[in-house]
Every structure is written in structure tokens, then in C-alpha cells.
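See below for the structure under consideration.
The values are calculated or read from the model by the stated rules, or taken from the named source; none is laboratory data. The structure presented is a predicted model; accordingly, all values stated were derived computationally and were not measured. So basically every Cβ, Gly included, is an ideal-geometry build from the backbone, and we count neighbours across all protein chains shown.
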Amino acid sequence: MNTMADFNNCPVCNKKLNNHFYSFDRHVEVAQYSQDTGDTAHTVLRSEPIAECCSSECAWSSIFSGLAERGIKHTGGGVGPIEVCAKCGGPVDMSEPHVSYVYHDQTLEEQPWLSSITVHYAEGLADVCVRCDGDVAADELNLPEPVEDGEISAESQTVA
Ligand SMILES: [Zn+2]
Ligand SMILES: [Zn+2]
């Protein structure tokens, strides 16, 4: 897990980060909609930080340049069930795995035996469909390393 030693400098202003930091994250998420309660639950299948910054100002500057670099509009994201892709303008089915870009204001709480993140504030930036983000399939399946041909045939022989 993360410890203080893993903290780098802010990619925007190069200041050393502390436990309270501001991040620009890429999530692969899937939403479940409950018919009974109307509640929405988001499951984050994969979370990857794009930038971890010293201040909200630095984070937002990296968010705007990072979204622009990827050709993604700052749509603000949404809760679905169908959102508009921030890249191609097509539909994003939120109940299927899709990419959400998110801003987090958070603090890493360090304990000798466990570290945890407390999120003070989160804001959706954009939702992107799987057609526009080719990594989703691999993220979603979260497959182990491909098995070598030799091992596959050995396995099917055992089964047969
Ligand atoms: Zn900074
Ligand atoms: Zn798209």
C-alpha cells in the first residue's frame, strides 16, 4: 500500500506532496441500479491516478490539460443509467463497465498497521464509453497473464 515514502512531488508545481492531496483519477466503473430503492451503487473495477497534486489549483490545471490531451470534454459526468460519452458523444451505458474521470480531495491516514484514504470531496469530470477507451476490456476482465500454449494443452489433456 501507499506510504509517505511513495509520495512524489506535485507534477504541476513540483512541491512535495503531503498526506492531504488532490488527485485526477481514471476509474473503470460499473453502476448497479436498484429498482426497489432507486439507489445507485458504483463499483470501481479499477482505479488509476493520473496526477496527484499538492493543491486543488494544481489538480484542476492538470485535469484540464489531461482531458484536453485525451480529447475528452469536461462534461461533469453523471449518474446514468445512460450518459453521453465525453469523447464521441455516443451513449454510455453506466450499467456496463465504462471509464469515469474523477477529481478527489483526500487525505491518506497512516496507521502503523493500516493506511486508509479519507475522501473529503469527489467530483465526476467525464464519462467515456468503451469504444473510446480500448483499455476497458482488459481492465474489466482483470485477467491473469495469458497462459502459454503448452500449459493450455497440458490442462485440456488433464480435463479430457
Ligand atoms: Zn502543486
Ligand atoms: Zn465514446
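Remarks
- Listing of strands (runs of 3 or more DSSP E) fully contained in segment 1-100 that carry 1 or more residues being more than 16 Å from ligand 1 (Cβ to nearest atom), closer than 30 Å to P112 by Cβ and touching a residue at least 40 places away in the same chain (Cβ under 8 Å): 20-33, 40-53
- Tally, over segment 100-110, of residues that are among the aliphatic types (A, V, I, L, M) and modelled with pLDDT of 95 or more: 1
- Failed item in (1) free of Cβ contacts under 8 Å to residues at least 60 places away in the same chain; (2) part of a strand (DSSP E or B), with Y103 passing the rest: (1)
- Of the criteria (1) exposed (fewer than 12 other Cβ atoms within 10 Å of the Cβ); (2) out of contact with any strand residue (DSSP E or B) (no Cβ under 9 Å at 6 or more places or on another chain); (3) over 17 Å from P49 (Cβ atoms), which one R131 fails: (1)
- Search result, residues across segment 70-100 that are on the phi > 0 side of the Ramachandran plot, in contact with a strand residue (DSSP E or B) (Cβ under 7 Å, 6 or more places away or on another chain) and surrounded by fewer than 15 Cβ atoms within 10 Å (Cβ to Cβ): G76
- Any hit, segment 44-60, residues being within 20 Å of A122 (Cα to Cα), of a type in the set (D, E) and surrounded by fewer than 19 Cβ atoms within 10 Å (Cβ to Cβ): yes
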